[in-house]
Structures are given as structure tokens and as C-alpha cells.
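Beneath this line is the structure, given in C-alpha cells, with notes to follow.
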Amino acid sequence: MQSLMKTLLLAVAVSALPQPIPQDASPAAPAVVTPEEAAAQARAAFMPDGFTAQANQIIPVVVGGAQDLFVPNVVTAAVGDVVQFQFSNGNHTVTQSAQDAACQPLQASVATAVHSGHIPFQDGQTTVGTFNMPVLNTDPMFLYCATGPHCQNGQVVIVNPANSQQIVDYAKLSAASAQSGDGTTVVGGTVAQIPLQLAAFVPAAPQAGPPPGAAAPAAPAAPAAPAAPAAPADPAASSVAAPANAITITLPPVAAPAATDAAAIPGTTTVIVTVPAAR
Ligand SMILES: *[C@@H]1O[C@H](CO)[C@@H](O)[C@H](O)[C@H]1NC(C)=O
Ligand SMILES: [Cu+2]
């Protein structure tokens, strides 16, 4: 009985909150728009008029790419901002969990918990899928990728953490979890496509799949290391013998703090930087 009451109360509370955008079973690819238009669509869908006078930054967060991570993985956003998740290489999600239930969808118990659905990015794509999440309050939001072991491997992000320790604790909890649960319904933001040129990332280089049994393709040639500049013309400028691969940098005079004896500060400071030998 008590749990029935709780369920009813939750249902009432949930119905008072902004409702998820209904999704088709197989939605057509959204039109390609600018990042600003994508954020504006999300604001129009989720923010009552009262929000429009508030902050309206777009905060890009790159999802996946060369590594299965969120970059950045800590976001500070004001009410009225839109966090724009931009999906790079792979097939990732942004899915909300409870703080103490890493890698499990909060949506299972709270219908308004965020989930983007799986948004892929494949080599050669010229558009980027985005999930535009308006920030409706500044409570911490714990989010992860629900694909495969990505969450266990550290693909987690917190929006408005209470302190800098939370991301460390949340990532540790994620790594210790057995496996991830997936979200079911797209909730808490709008999906849109933006042109790759306007995205906040450069896609990972295409992976040429080697034919079965073939040796792995040669790694792309490393850019040539810049030649070490000639040693300074006046060796007296430095009493330290510079190694052959050193660059000598002469810095401008350092401003003397008021309480320091200015005579003790040399006119110039010579720093020797040793450049690692080219691989
Ligand atoms: C992305 O992952 C989802 C869930 O596993 C899957 O249904 C979908 O086909 C995948 N898309 C691509 C392009 O791999
Ligand atoms: Cu992922």
C-alpha cells in the first residue's frame, strides 16, 4: 500500500515536470542545423518562457572519438544553458544515473531522467549527431555512456558537481560496476545534426581494416621533428654546456617584486630546454 502511494505520488510529481519529447520508433534523421539552432530547438522544447531571460550559453561536450570518453567530463552550467553533446567516432549515449548507481539508467525509476539514445558517428560522415540538454536546475547530474563497457572504462561526466572529488568517486564506482544498463526512451533533450565543420572536434583518422591475417598497417609517419637550431653564436651567454639537441631560450627580464633586492635579479634568464630525440 505504501509503495503504491509512493508510485502515485511519483507519477503526480513527474507529470508536473517537462514531459519527454515523444519519439518515433524509427525517427527520420533530423535536419542539419547550426549548433546555435540545435540549442535553440532544445530551449524551445524544454524551457518555459521564464527561462529565456536567463543564461543561454551553449556548452559543447565531445562524446567518444579516438577514445571512449566525454571531453570535458566536468561541466559547470547555469540554468538556461544548453549542454550540447556532440557525438564523435563510435556509437555512444548520454544516460543519467543516480550518484550511487553508476552505469545504471535512472530512467528505470525516474521517467524524466535523461537519455539520448545511441548516436553513431562513422568514418566519412560530414554531419555530427548532437543531443542538446537544457539545464533546468543546478543539481548535480551524473551521466554515462550506456554502450558496451564504455562506462566501466571511464566514459562518465558530471554536470554541476558539488565538488571536484565527485567525478573521481563516480568514475571509480563506474569502473567497479559489473556492466551497464541502457536507457529506453529519449528524454531530457533534443537530437539534432550539425555540420562537421562546426563541431567541437576533429574525428579520429579512419581505421583502414587490414585484410584478415595481414600485418597491421604501418603507423602513419610521424611528423618530422624540427631540426635543432644552431647553438647560440655567443657561447659566453651561457656557462652551461648545452646538449646537442637543446634549444636555448632567452627570456625577458623578470619584474622584481617590491621586497626583493633588484640587484640580485639578472637582466636575463637563460633556460636550456632539452628536446627529446626524434623517434
Ligand atoms: C548503435 O548501437 C545501438 C544499440 O546497441 C544499435 O541498435 C545501433 O544499430 C548501433 N548503430 C550503429 C550505426 O552501429
Ligand atoms: Cu560510449
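Per-structure values
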quantity: For the stretch 30-198: rounded, prolate or oblate by the Cα gyration tensor [a/c cutoff 1.5]; calculated: oblate
quantity: Net charge contributed by nearby residues that have their C-beta within less than 15 Å of Ser97 (K/R +1, D/E -1); calculated: -3
quantity: Residue-count net charge about Val135 - beta-carbon cut-off 15 Å; Lys, Arg +1, Asp, Glu -1; calculated: -1
quantity: Prolate/oblate/rounded label for the stretch 59-114 (Cα gyration tensor, a/c 1.5); calculated: oblate
quantity: Net charge, Ala204 excluded, C-beta distance under 14 Å - Lys, Arg +1, Asp, Glu -1; calculated: -2
quantity: Most to least packed among 40-48, 91-99, 111-119, 197-205 [average Cβ atoms within 10 Å]; calculated: 91-99, 111-119, 40-48, 197-205
quantity: Residue order, fewest to most surrounding Cβ atoms within 10 angstrom, among Cys103, Cys145; calculated: Cys103, Cys145
quantity: Estimated distance in nm for a label pair at Val74 and Gln179, the labels positioned 7 Å out from Cα along Cα-to-Cβ; calculated: 3.3 nm
quantity: Cα gyration tensor, the stretch 28-121 - rounded (a/c under 1.5), prolate or oblate; calculated: oblate
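Any read-out appearing in this document is the output of simple, stated calculations on the displayed coordinates, not a laboratory observation. Quantities reported herein were computed from a predicted structural model and do not represent experimental measurements. We place every Cβ from the backbone using ideal geometry, glycine too, and count neighbours over all the protein chains shown.
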